[in-house]
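Heads up, the thing below is written out as structure tokens.
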């Protein structure tokens, strides 16, 4: 009888380790998905927004180009003879491109009316980007306290 008990004295113990291979597979798939989709998410117009509270802009030697967008969606440029006359999109792009060719490094800003649609201001920024502006800033008015 001693021989029978000797054979059965080693029982298998339950494994207390977790199999992590499926988790590693899932993480690798997620990594590939994020690597593929991340470049697609960074589309758009690059805008440098001021930090709050903002300070007035310092005057440089060159006057900035300011494109104004009124509440009706008309574009105005502060350069030229008729700065109070609305411009067509093609004229705006041509004038801004000409000024930037003549005076490279000129700062470019967009001043949008409070009531204008946000998409119209963004479209103005894309027009300026098409004209060759390396960066576009937004003009705001300081809060009255």
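The values are calculated or read from the model by the stated rules, or taken from the named source; none is laboratory data. On a predicted model such as this, the values are computed, not experimentally measured, just so you know. For neighbour counting, all protein chains shown are included, and Cβ atoms are generated from backbone atoms with ideal geometry for every residue, glycine included.
Is at least one residue of segment 135-142 more than 23 Å from the chain's Cα centre (by Cα) and modelled with pLDDT under 85? Yes, the conditions are met somewhere in segment 135-142.
Looking across segment 121-134 at every residue that is closer than 16 Å to residue 88 by Cα and in contact with a strand residue (DSSP E or B) (Cβ under 6 Å, 6 or more places away or on another chain), the one that is modelled with the lowest pLDDT is identified as 121. Restricting attention to segment 99-143, the residues that are in contact with a helix residue (DSSP H, G or I) (Cβ under 6 Å, 6 or more places away or on another chain), part of a helix (DSSP H, G or I) and farther than 14 Å from residue 77 by Cα total 1.
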